[in-house]
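Reading through the structure tokens given below for one structure.
The values are calculated or read from the model by the stated rules, or taken from the named source; none is laboratory data. Since the structure is predicted, the reported quantities are computational estimates derived from the model, not experimental observations. Positions of Cβ are backbone-derived with ideal geometry, glycine not excepted, and every protein chain shown enters the neighbour counts.
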Amino acid sequence: MNGYGGKILRVNLSTGTLTKESTPADLARDFIGGRGFGIYFLLKEVPKGADPLGPENKLFISSGPISGMLIPGGGKCDWTTKAPLTGGYASASMGGHFTAEMKYAGLDSIILEGISPKPVYLFIDNDKVELRDASDLWGKNTFAVEKQFKQKLGEEYQIAVIGPGGENLVSYACINHDYGRQAGRGGVGAVMGSKKVKAIVIHGTKSVPVADVETYRKAGQALYKACKEAEAWKQWTSYGTTQVVSWCDEVGALPTRNFSAGTFEGAKTLSGPYMREHIVITDKGCFACPSPCGKYSRMKKYNSNVEGPEYETIGLCGSNLGIADIESVAQANLLCDDLGIDTISAGNAIGWAMECYQKGIFTKKDTDGLDLKFGNVDAVFTLIKKIARREGLGALLSEGVKRASKKVGKGSEKFAIHVKGMEQSGYATHNATAMLLAYMTCDVGAHHNRAWAITYDIQVGRELVTPEKVKRVIWLQNFRPMFDVIGGCRLQWVELDIDRDLYVPAMEAITGIHRTWEDLEKVGERIWNLTRLYWARENEDFGRTWDLPAPRFYEDPPKTGATKGQITSLETVNKLLDIYYEQRGWSLDGLPTAATIESLGLKAVVA
Amino acid sequence: MPATLRLSGPLRDFNGGQTEVKVQAGLTVREVLTNLGIVPETIAVVVVNDEQGNKDYVIQEGDVVRVLAIIGGG
């Protein structure tokens, strides 16, 4: 099958059985790859009500047709599972070089199922596939394990590894790869940990069949040329995602002290240019990337190095915790990566705990003696370690802010910043209605990458609530995650403004199937509806209330900064949902109607 | 000699799809953007003659000013 490895590897950890199946042609036709495969497998193979950390849950790792190909950004793979953090759908996208090796080993998907009786790692070298004992690796941090494998096997082997966070089932444990890339959100690392899989080690050398090699070569070159000539290339490669720090601060979107404001007095020393000048030592890209956004940093104060911090980490582990020292943010980044926990959820959860302390809901008795005031760097470092080990206050925070605030009560639910149990990522949305709606309706919880609409808010009017604004969010949700389906990075389109139609001939040359972006958006719409149906299947009371944002954004306007005094009323929030549901073809309670399921051809999938 | 403003991405829609527009020296970047119908707050990055600038920079004759809107986020 052109553009595909051709096989799905099924790893039954309970029995130790390893089997390969051919990738079904109709699956590739209808769901293409990546998170398209993921949601299909999740609905079909994981029974309703499965414990996310139990043997019935599975972890689906899928590449897409441009993964491992010479197409800008062809270095992404999707990790889908039932999320320990939310009890709903999780799909985490990971960059680096792992997905290319999957393809070269002839694999489109790896399915981890069951639970191993002892710690293991999965070793794949082309057709040699083995489960190997990992008892001596269990308990080790991610960097040490990756380094050990690289030294033993060689740089060409790619490693995906969990740290103590995953082993200890932290609800937002991540999977680390290439030292600084992660499948970050929703707790995919905890699922891997629950299965006692410490790492996946992979290497392949097989060819990938391509429908039209000459057109593929030319189409790929056209994409690279467009990237290198892009107006924004120099800026983007210099600063990567950190270029938005100052802008977010200016427009009141920079999460500050647990999202109580969107402007931070210390933003200047967290900015991209400041970081580049003071701590960045080199750039780093993923597979086949012409615009490397990764930044390697040296923290002299701590005698350490890290890939990062990215914008999200700066927002959540910096301004959101009242920290303006970029070296300290980078060190927090290092601790989270090495211990294997998501920097976004960790920073958000610590911010919530700091506000509990500020309000007197927590005293030092509750914080294991830590002086948990905003800006206390040492307390943050200590808490990150406690979260990964699930010790003391860290055990509470390891459950995520939704569960933690429910346990603590005392009004702390009001400033637990999440949607559907996933901690909100790095944009404060007090007055940005499209971005707020994007968070409310995102299919994994409050994550930004499906529909990033805040610039649109500012251009057309932040408070405005119109059908056009909602339509924009829906279009982004159908379109942007298609990069996670085809196995590519969206940032070339997003940040360099590459004409998306340049991907069309490349995709066709690889797969032999002509698909326009309109065709791909239709697939995106089908996937979006399936993820919604999955949430509803797994949660009996699922509906409109699950889409509500944190009360902070409709009850508690910032007292300082660019959005001082600004808020989106609950009435407006519900109006946004009314329009959104209507445009999606969903009921007033936010569930896809029978007519919508029928019109999208999804009846057989959800039957 | 007039100055040059270079627009990227969807900002070109405010200039008939063209990347480059000649602008009058003596105005701030903010004023030039407003005159084109671009809300200045959408602009994340201003680069003047390959150096970091800002929206309050007063444009000089011969300057090449690049403005970038963040359209996608991380």
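Filter segment A:418-438 down to the residues that are more than 12 Å from every other protein chain (Cβ to nearest Cβ) and among the hydroxyl-bearing types (Ser, Thr, Tyr), then identify the one that is surrounded by the fewest Cβ atoms within 10 Å (Cβ to Cβ). Of everything passing the filter in segment A:418-438, A:433 is surrounded by the fewest Cβ atoms within 10 Å (Cβ to Cβ). Residues of segment A:133-147 that are surrounded by 14 or more Cβ atoms within 10 Å (Cβ to Cβ) and farther than 16 Å from residue A:339 by Cα: A:134 alone.
Quick grid of which residues meet (1) closer than 25 Å to residue B:10 by Cβ; (2) surrounded by fewer than 24 Cβ atoms within 10 Å (Cβ to Cβ):
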{"site": "A:481", "(1), (2)": "yes, no"}
{"site": "A:496", "(1), (2)": "yes, no"}
{"site": "A:510", "(1), (2)": "no, no"}
{"site": "A:518", "(1), (2)": "yes, yes"}
{"site": "A:521", "(1), (2)": "yes, yes"}
{"site": "A:527", "(1), (2)": "no, no"}
{"site": "A:532", "(1), (2)": "no, yes"}
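For segment A:474-499, name all the residues that are part of a loop (DSSP other than H, G, I, E, B), over 18 Å from the mean Cα position of the chain (by Cα) and more than 9 Å from chain B (Cβ to nearest Cβ). The answer is A:498, A:499.
Filter segment A:463-473 for residues that are charged (D, E, K, R) and in contact (Cβ under 8 Å) with a residue 40 or more places away in the chain; which is farthest from the other protein chains (Cβ to nearest Cβ)? Walk me through how you get there before you give the answer.
To start, the set of residues in segment A:463-473 that are charged (D, E, K, R) comprises A:463, A:468-469, A:471-472.
Filter again for in contact (Cβ under 8 Å) with a residue 40 or more places away in the chain, leaving A:463, A:471.
Values: A:463: 14, A:471: 16 Å.
The residue in question is A:471.
Give A:157, A:179, A:172 a once-over and let me know the one that is touching a helix residue (DSSP H, G or I) at 6+ places or on another chain (Cβ under 7 Å) and free of Cβ contacts under 8 Å to residues at least 60 places away in the same chain. Walk me through how you get there before you give the answer.
Details: A:179 fails: free of Cβ contacts under 8 Å to residues at least 60 places away in the same chain; A:172 fails: free of Cβ contacts under 8 Å to residues at least 60 places away in the same chain.
Checking each option against the conditions leaves just A:157.
If I filter segment B:1-42 down to residues being among the small types (Gly, Ala, Ser) and touching a strand residue (DSSP E or B) at 6+ places or on another chain (Cβ under 8 Å), which single residue comes out as surrounded by the fewest Cβ atoms within 10 Å (Cβ to Cβ)?
Our first condition is that a residue be among the small types (Gly, Ala, Ser); within segment B:1-42, this holds for B:3, B:8-9, B:16-17, B:25-26, B:37.
Okay, now just the ones that are also touching a strand residue (DSSP E or B) at 6+ places or on another chain (Cβ under 8 Å), so B:3, B:8-9, B:25-26.
Numbers: B:3: 21, B:8: 21, B:9: 22, B:25: 13, B:26: 11.
Result: B:26.
For residue A:459, are the conditions met, namely being within 26 Å of residue A:238 (Cβ to Cβ), part of a helix (DSSP H, G or I), within 13 Å of chain B (Cβ to nearest Cβ) and in contact with an Asp or Glu (Cβ under 9 Å, 6 or more places away or on another chain)? Judged against the criteria, residue A:459 is a match. Looking across segment A:312-338, the residues that are of a type in the set (A, V, I, L, M) and within 22 Å of residue A:371 (Cβ to Cβ) come down to A:316, A:321, A:323, A:324, A:329, A:332, A:335.
Out of all the residues in segment A:439-457, is one or more closer than 27 Å to residue A:222 by Cα, aliphatic (A, V, I, L, M) and buried (at least 23 other Cβ atoms within 10 Å of the Cβ)?
Step one: filter segment A:439-457 for residues closer than 27 Å to residue A:222 by Cα, giving A:449-452.
Next, from what is left, pick out any that are aliphatic (A, V, I, L, M): A:451.
When the remaining residues are screened for being buried (at least 23 other Cβ atoms within 10 Å of the Cβ), the result is A:451.
Yes: one or more hits.
Return a yes/no flag: does segment A:320-332 have any residue that is within 21 Å of residue A:496 (Cα to Cα) and more than 14 Å from chain B (Cβ to nearest Cβ).
There is no residue in segment A:320-332 that is within 21 Å of residue A:496 (Cα to Cα) and more than 14 Å from chain B (Cβ to nearest Cβ).
Selection over segment A:233-257 of residues that are small (Gly, Ala, Ser), surrounded by 24 or more Cβ atoms within 10 Å (Cβ to Cβ) and either over 24 Å from the mean Cα position of the chain (by Cα) or in a helix (DSSP H, G or I) (or both) gives a count of 1.
Being outside the structural domain of residue A:270 (by TED's automatic domain parsing), under 30 Å from residue A:51 (Cα atoms) and not basic (Lys, Arg) is a description that applies to residue A:186.
Hey, can you tell me all the residues within segment A:316-334 that are part of a helix (DSSP H, G or I), free of Cβ contacts under 8 Å to residues at least 60 places away in the same chain and among the aliphatic types (A, V, I, L, M)?
Within segment A:316-334, A:326, A:329, A:330, A:332, A:334 qualify.
Going residue by residue through segment B:41-62, is there one that turns out to be in a loop (DSSP other than H, G, I, E, B), in contact (Cβ under 8 Å) with a residue 12 or more places away in the chain and facing chain A (nearest Cβ under 7 Å)? No, segment B:41-62 has no match at all. Within segment A:298-315, track down each residue that is assigned to a loop (DSSP other than H, G, I, E, B) and either modelled with pLDDT under 95 or closer than 13 Å to residue A:329 by Cβ (or both). Within segment A:298-315, A:308, A:309, A:310 meet the criteria.
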